[in-house]
1. Across segment 61-78, what is the total count of residues that are assigned to a helix (DSSP H, G or I), of a type in the set (Gly, Ala, Ser) and loosely packed, with under 12 Cβ neighbours inside 10 Å?
2. Taking the criterion of being among the polar types (S, T, N, Q), outside any helix (DSSP H, G or I), surrounded by fewer than 14 Cβ atoms within 10 Å (Cβ to Cβ) and at negative phi, would at least one residue in segment 86-106 satisfy it?
3. What residue, of Leu41, Leu81, Leu58, is at pLDDT 95 or above, part of a helix (DSSP H, G or I), open to solvent by 100 Å² or more (accessible area, probe 1.4 Å) and aliphatic (A, V, I, L, M)?
4. Does any residue in segment 36-60 that is farther than 20 Å from Val105 by Cβ come within less than 7 Å, Cβ to Cβ, of a residue that is surrounded by fewer than 13 Cβ atoms within 10 Å (Cβ to Cβ) and at pLDDT below 95 six or more places away or on a different chain, and which pairs are these?
Amino acid sequence: TRYKAAVRSMLIPGWGQIYGEQKTKGFLLNFLAIGSVAAYLVTDHYYNSAYDDYQASLRAYDSTVANGGSYADIRSRYLKLTADREDAYDAETRRRVSIGAVIGVWSLNLLDALFFFPQEKGTFSVKGLTVKPTTDFNSVGIKLSMAF
C-alpha cells in the first residue's frame, strides 16, 4: 500500500518507490539522497574549518590589541579577521543550503510515495478526508473532500 511505501521512503529514500515497482525513480531518489547527504558532509567540514580559522584570527587580533601592537600589525590582523569572518559566513550559508537540499530530497521522496503510488495515483485518504490532485485544460489543483 501507499502507507507501507511512505514508511519505507521515510527510512531510506527510494525504498518506497522500489517497493511500488518504480525502480528507476527509486534508484534516482536514492542517488539524490546520497548526493545531498554527501554535499552536506563536505560543506559541514568546510564550515568547521572556516570557523576554526575565524576563531584563530579573532584570538590573534585580540592578543595583538591587548598587548599594544603597532598600528600596522593591528590593521593586518583586522583585515585577516574580516576575510576569515566572510569565509565562515559563506561556508555557513553553503552548509544551510545543503541542509535544505537534504530536507527537500527526503520530502520529495515521501510525497512521491504518498501521492504517486502506482495502484492509487494521486488520491490520499485519512479517516474520510480525501486529497486528490486535479487537472484541467486551464488549471492544476487539489481537491479536498470529506465523507460524513
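The values are calculated or read from the model by the stated rules, or taken from the named source; none is laboratory data. What you see is a predicted model; the values in this text were computed from it and never measured. Methodologically, a virtual Cβ is constructed for each residue, glycine included, from the backbone with ideal geometry; neighbour enumeration extends over all protein chains shown. For accessibility, only protein heavy atoms count, side chains too; no ligands or nucleic acids. Shrake-Rupley method; radii C 1.70, N 1.55, O 1.52, S 1.80 Å.
1. Going through segment 61-78 one residue at a time, the tally reaches 3.
2. Filtering segment 86-106 for residues among the polar types (S, T, N, Q) gives 93, 98.
Next, only the ones that are outside any helix (DSSP H, G or I) stay: none.
Checking segment 86-106: not a single residue is among the polar types (S, T, N, Q), outside any helix (DSSP H, G or I), surrounded by fewer than 14 Cβ atoms within 10 Å (Cβ to Cβ) and at negative phi.
3. Just one listed residue meets the conditions, Leu41.
4. Pairs found: none.
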